[in-house]
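Below is one structure, written out as structure tokens; comments come after it.
Just so it is clear, none of the values below were taken in a lab; they were calculated from the coordinates. Note that the structure is predicted; figures quoted are calculated from it, not measured. Here the Cβ positions follow ideal geometry from the backbone for every residue, glycine too, while neighbour counts run over all protein chains shown.
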């Protein structure tokens, strides 16, 4: 099993550009989530999904969109990148949604917006 | 609103010394609490959860509802314990993480 994979590892964008961060898991996990990690602030939840076709907002959803068309994939879209979105982004998945257990994290994507 | 507070950004101890990483939370109800750890150049991973009442790598954490705390403890720190530690609370499908404490165990 590859676990949770994220692409790309690094990305530099210009203000106003759009891009999609990819996340995939091969563990048949129902629950998937996206976080951003900023210095001194820990991880903050952006969006999450409890199954295919179901997504909801986390703490900091503004500027980000998600979709969950399959169990395996949970892409995060930045529609118009802003410097405030410079951060490290982590995707995670968990094996059940009703009572979420252990979250498995991806390696992260380091995004810089100029 | 749920909030998780880790008051120490950095904690330095000598090998063999006891260590306690503090975590306080604000939540009215029965929270699910976790400790996650990120070792250098590794992914964030679960260390332990309060419902399991387990000891992992010598670490334990007790939920104190009166003090709304979930401190992580280890009686004798090892150099390999050096890492970033995050306390997390789970409620209604959302995780809330603290800002993290960097533990540095000196030889």
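Can you give the convex hull volume of the alpha carbon atoms of region A:52-114 per residue, in Å³? Before the final figure, lay out each step's value.
Values: hull volume 6.3 nm³, N = 63.
Convex hull volume per residue, Cα atoms: 100 Å³.
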Debye log10 I(q)/I(0) at q = 0.09 Å⁻¹ for the protein assembly as shown, Cα point scatterers: -0.36
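When the gyration tensor of region B:1-80 is built from Cα positions, what are the square roots of 5 times its three eigenvalues, in whole Å, from largest to smallest?
Working: eigenvalues 98, 38, 35 Å².
For region B:1-80, the ellipsoid semi-axes come out as 22, 14, 13 Å.
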Relative contact order %, region B:1-68, counting alpha carbon pairs below 8 Å whose residues are six or more apart: 23
Neighbour-count order for B:35, A:34, fewest beta carbons within 10 angstrom listed first: B:35, A:34
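Normalised by the number of residues in region A:7-54, what is the relative contact order in percent for Cα pairs under 8 Å and 6+ residues apart?
Numbers: 37 pairs, mean separation 13.9, N = 48.
Relative contact order, region A:7-54: 29 percent.
Find the Cα radius of gyration of chain A, compare it with 2.2 N^0.38 Å by division, and give the number to two decimals.
Working: Rg = 13.2 Å, N = 114, 2.2 N^0.38 = 13.3 Å.
Normalised Cα radius of gyration, chain A: 0.99.
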Relative contact order, percent, region B:50-107 [alpha-carbon distance under 8 Å, six or more residues apart]: 25
